[in-house]
1. Please list, ordered by first then second residue, the pairs with beta carbon atoms under 9 Å, 6 or more apart or interchain, first in region 454-468 and outside any helix (DSSP H, G or I) and hydrophobic (A, V, I, L, M, F, W, C), second open to solvent by 10 Å² or more (accessible area, probe 1.4 Å) and at pLDDT below 80.
2. Against the definition (more than 24 Å from TYR278 (Cβ to Cβ) and touching an Asp or Glu at 6+ places or on another chain (Cβ under 9 Å)), how does LEU93 come out, yes or no?
3. Give the residues of region 223-253 that are open to solvent by 50 Å² or more (accessible area, probe 1.4 Å) and at pLDDT below 90, sorted by residue number.
4. Restricting attention to region 347-366, which residues are open to solvent by 70 Å² or more (accessible area, probe 1.4 Å) and either without any contact (Cβ under 8 Å) to a residue 40 or more places away in the chain or over 38 Å from the mean Cα position of the chain (by Cα) (or both)?
5. If I ask for residues that are touching a residue at least 24 places away in the same chain (Cβ under 8 Å), open to solvent by 30 Å² or more (accessible area, probe 1.4 Å) and under 19 Å from LEU29 (Cβ atoms), which ones from region 72-103 would you list?
6. Can you pull out the residues in region 262-276 that are part of a strand (DSSP E or B) and either open to solvent by 10 Å² or more (accessible area, probe 1.4 Å) or aliphatic (A, V, I, L, M) (or both)?
7. State all residues of region 496-532 that are open to solvent by 10 Å² or more (accessible area, probe 1.4 Å) and outside any loop (DSSP other than H, G, I, E, B); if no residue qualifies, say none.
8. Could you list, in sequence order, the residues of region 630-647 that are at pLDDT below 85 and either of a type in the set (Val, Ile, Thr) or out of contact with any strand residue (DSSP E or B) (no Cβ under 7 Å at 6 or more places or on another chain) (or both)?
Amino acid sequence: MTKNADKKREQMMMFSMDSMVPQDHMLRLIDKAINWNFIYDLVEDKYCQNNGRPSMDSVMLIKIPFIQYLYGIKSMRQTIREIEVNVAYRWFLGLDMLDPVPHFSTFGKNYSRRFKDTDLFEQIFSKILEECMKYKLINSDEIFVDATHVKACANSKKMRKRVAHEQALWYEDELQKEINEDRQAHGEKTLKDKNKKNPPTPPTSGNDQHNELEQIPDDIKTKKSSITDPESGWFRKGEHKHVFAYAVETACDEHGWVLGYSVHPGNEHDSRTFQTIYEKVKSFEPEMIVADAGYKTPAIARQLLKDRIEPLFPYKRPMTKEGFFKKYEYVYDEYYDCYICPENQILRYSTTNRDGYREYKSCGYQCEKCPQISKCTESKNHVKVITRHVWEKYIEKAEDIRHVRGNKAIYQKRKETIERIFGTAKEHHGFRYTQYIGKAQMEMKAGLTFACMNLKKLARFLGKNGLLNEQKRRFLRNFWIQFNFKGKNGAFQDHTFFEASSIRKVDGKYCFVYSSEHNHDLCYAMADSPKGPFTYGGVLVDIGDLYLNGNEDETHASNYLGNTHGGMLQIEDQWYIFYHRQTNRSSYARQACAEKLERRNDGGFQQAEITSCGLNQGALKGIGAYEARIACNLWSINGTGRYDGKSPKQKLKDHPYFTQSG
């Protein structure tokens, strides 16, 4: 039996900090994943360059909260205690075993004196997101949007009543214009501007809630406001959970990369705060935005459809009293602009109210004698009122999109993407609550938390694919430099190496075949050694026949463009180039093709012209019928376009295209 296991406590040893951190430790992967020096550029204007004592290293200062949010440590004080005893944390910060650890208040003081009221942490989040995009890890065709609530640092018992001032809707001006146009079309007067002046919040003394309630008139709408954190909102979830909280609206792609976020009081509805997150993710040019029922409003559907983005909302159950007819049982007649009830009676247009709803009313005299009136209305005058929003057609269009085959499966990805992000953030990164007070510090917490999550995924991807290896990075970097430096024919004639590379031997030399930065052509370069240096040779094939006869206009190619990959193959004495082009207006639907390669007098290769012959030894016979999918040229009166851009099906919806069968 082993005894005296503690005898090594006072043992003296010599070691390096680097040897104490495992090679696969997450902090080691994260430290190699990005160049942290970008922080110096972000904070340079927040420090005095020629006065005062030397400050703490700003990279170390930012890395400290990164450790906190990466490992879900509850507070900054606890984070500092963990750094004192954790070798990996010290290594990540650049501290040795004897260096003093910064005081727990250091970051808070720097925040209040330097970083407060700046967008520093949003810039850090954006920078890390850019690093992810460099490796083409993000697919923004489908963006998932939702909101989660984070408990505020506020006692739910310390509150007071305040006047609930009505907030202006982000679409209010457009809605009022549409309402007035609709009223004029129905022969009604336009509405006057609504007086939105609310009485000011009365002064209060201390925490005397009763004193404040006595000063607010009974007919004024009030809301609960925290004394500790007035910027938070009173959030109710279920019957028993009532707390002050913040709503963090978040957007991600289908792979779970966080693309943007915004912070709002917890009592604001998702549909009212949508515009903020939408402005941040609109630059990604998504084809579809997937959101839950809280976003299923006419205004959001209209905004997305106007921007040529498909909204994907779930089914929403009619909010009708039990035992009464559902709204869909009243049929709308678009031609006569009226509703028809289940008893075939007409509900005619009455007016358009300030909220943008047209009101359709039945005839009370006829409804009074109706045998189904108990299932229709309980009004004293027996008049049934049906409302229809002036933007209802956009909701109907969204319903059509919901029923498209495959969209149900897309919507079900929410649990694997946005909902998983929220679950991971709360379970592992301390996102259930915040110890900070104020919206600004909550935005800092959200930005750093999501930056940590993106950075952790990026580090794991790079580590899994061996891209953190310094030797491999150096080889790739030198290889990239070769294809950007000038060869005998200039700087590769604007055909810089991009991807899809392969090497084969041609006449004793090494021929490097690759897809260039244009992505729709295959080029080649020659060298005496597989390690280079390589000299650019020319284009082997372009799926739009660009560069033949001097044409370089992508909008007037001989076919629609997209990415292509392939390589050369010698069959007997003949060289062939194999490549692919796109079908179905999609960059991921690909058709394999091949063409003969002809040699130049200097031993190089001429660019092959796209034909319908392929591997046939000659032209096609001029008899019978051939499938359209083998056609070599295809364009419209408006020219051509690219299938590997954003929203190709929307941008090229009026253009012809090949399918797999024709």
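1. Once the first residue is outside any helix (DSSP H, G or I) and hydrophobic (A, V, I, L, M, F, W, C) and sits in region 454-468, its partners that are open to solvent by 10 Å² or more (accessible area, probe 1.4 Å) and at pLDDT below 80 give LEU467/ARG473; LEU467/LEU476.
2. Considered against the rule, which asks whether it is more than 24 Å from TYR278 (Cβ to Cβ) and touching an Asp or Glu at 6+ places or on another chain (Cβ under 9 Å), LEU93 comes out as yes.
3. Listed by number, the residues that qualify are LYS223, LYS224, ARG236, LYS237, GLY238, GLU239, HIS240, LYS241, HIS242.
4. Residues satisfying the conditions are ARG348, ASP355, TYR357, LYS361, TYR365, GLN366.
5. VAL87, TRP91, GLY94
6. VAL263, HIS264, PRO265
7. Passing the criteria: PHE497, PHE498, GLU499, ALA500, SER501, SER502, ILE503, ARG504, LYS505, LYS509, TYR510, MET526.
8. Result: GLY645, LYS646, SER647.
The values are calculated or read from the model by the stated rules, or taken from the named source; none is laboratory data. None of the values given here were measured: they were computed from a predicted structure. Cβ: placed from backbone, ideal geometry, glycine included. Neighbour counts: every protein chain shown. Note: accessible area is taken over every heavy atom of the protein model, side chains too, but ligands, DNA and RNA are not part of it. Shrake-Rupley method; radii C 1.70, N 1.55, O 1.52, S 1.80 Å.
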